1. Given (1) closer than 22 Å to residue 15 by Cα; (2) of a type outside the set (D, E, K, R); (3) assigned to a helix (DSSP H, G or I); (4) at pLDDT 95 or above, where does residue 53 come up short, assuming only one miss?
2. How many of the residues making up the stretch 77-100 are part of a helix (DSSP H, G or I), buried (at least 20 other Cβ atoms within 10 Å of the Cβ) and in contact with a Lys or Arg (Cβ under 9 Å, 6 or more places away or on another chain)?
3. Only one residue in 74, 51 is under 14 Å from residue 114 (Cβ atoms) and buried (at least 16 other Cβ atoms within 10 Å of the Cβ). Which one?
4. Quick one: in the stretch 58-78, which of the residues that are closer than 18 Å to residue 45 by Cα and charged (D, E, K, R) is nearest to the chain's Cα centre (by Cα)?
5. Output the residues belonging to the stretch 115-131 that are free of Cβ contacts under 8 Å to residues at least 60 places away in the same chain and surrounded by fewer than 18 Cβ atoms within 10 Å (Cβ to Cβ).
6. Looking at 112, 61 in this structure, which one is assigned to a helix (DSSP H, G or I), surrounded by fewer than 21 Cβ atoms within 10 Å (Cβ to Cβ) and without any contact (Cβ under 8 Å) to a residue 60 or more places away in the chain?
Amino acid sequence: MAHPAWVRKVFSERDLDDIAAAIARVERRAAAEVRVHLEERVAGGDARERAQAIFHRLGMHKTRRRNGVLVYLALADRKLAIVGDVGVHTRVGPAYWERVRDLMVGHLRAQHAPREAVVDALGELGRMLTEHFPRAPGEGGGELSNEVSAE
């Protein structure tokens, strides 16, 4: 997928490949679906509301176990949100999503590479998802693409 120029100002193609690989690692261990979505600006101004709208537009609420998680970043606005479907949210609650968001913000404020912030957040999400949704032997997966989406 060719990403817009505003994405390439922040993430190289290798960064995007590393993020997709991190998603694949999560989904090999956990029976869950994870996506990363990038936008230049937050439509409407509220990152959490926009992330929830994108979550539904990407069909993440249609997973079999209602265990999708979306990491959303509005690059130019410097806003982000992490949202999970009801199957995940009921197990971890809102404080967990805030903690993962704060982990990402901490990386970014420390001027770590944005790729590192996303990959580390995916690692944390993977630990939680593996605990609550371990993949059973022979269980299929990959209902949704691992590729970073952008618009």
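1. All conditions are met except number (1).
2. Residues meeting the conditions: 2.
3. Details: 51 fails: under 14 Å from residue 114 (Cβ atoms).
Sole residue among the options that is under 14 Å from residue 114 (Cβ atoms) and buried (at least 16 other Cβ atoms within 10 Å of the Cβ): 74.
4. Looking at the filtered set, the residue picked out is 78.
5. Here is the first cut: in the stretch 115-131, the residues free of Cβ contacts under 8 Å to residues at least 60 places away in the same chain are 116-117, 120-121, 124, 127-128, 131.
Those that are free of Cβ contacts under 8 Å to residues at least 60 places away in the same chain and surrounded by fewer than 18 Cβ atoms within 10 Å (Cβ to Cβ): 116, 120, 124, 127, 131.
6. Details: 112 fails: assigned to a helix (DSSP H, G or I).
Criteria check complete, one pass: 61.
The values are calculated or read from the model by the stated rules, or taken from the named source; none is laboratory data. If you're wondering where the values come from, they're calculated on a predicted model, not measured in any experiment. Virtual Cβ from ideal backbone geometry, glycine too; neighbours counted across all protein chains shown.
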